[in-house]
Each structure stands twice: as structure tokens, then as C-alpha cells.
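Everything on this sheet refers to the single structure shown next.
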Amino acid sequence: MATRKVTLSLDSGALEFAERAAKAHGISVSSWLSKAARREAVRTGYTPQKPEPAAAESDEAELSAAEKDLRAQG
């Protein structure tokens, strides 16, 4: 999956939460935020557009993992 650099503004509480959660999972804050954004998109019913063929396999695996996480959480 392609990575793009972006600038985000987070309130200090959200950033602290993301930093602690990322550390607990042994991943970077960027990676944790990416995964959290995907989970939230799935949770709120986002359906991805037709992905590019090269990214489709990776996106499908990420979507499946996010759905599995949501089911495990109840």
C-alpha cells in the first residue's frame, strides 16, 4: 500500500492516547492512527471505491482484519 505524508492536527489528549496505544502495540503512532482510521471507517459503514489492482489484495486484508477486530470487541 502506498504511503503519503500528511500533516494532521490532534488535540493533546488524542495525541497522548494514540502515543500510548501505539507503544502498547509496539507500532509507530502513524501506523496506529492508520489502523484506527480504517477501523473507524469500517465501523461507520464506509465502503471503499474500486481499488487499483496492485493495492486490492493489501486493502482486502486490512479490511478483513479491521472487521475481525470489531467482531472480537463485541
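Nothing in this text is a laboratory measurement; each read-out follows from the coordinates by a stated rule. Since we're looking at a predicted model, the values are computed, not measured.
Entry note, the chain: the mean residue ellipticity at 222 nm calculated from DSSP H runs of n ≥ 4, each adding -39500 (n - 2.57), is -22500 deg cm²/dmol after division by the residues and rounding to the nearest 500. Rounded to whole Å, the principal axis extents of the Cα atoms in the chain read 37, 33, 23, largest first. Here the extension length gained between E16 and A36 equals 5.8 nm, from 0.36 nm per residue of separation less the Cα-Cα distance.
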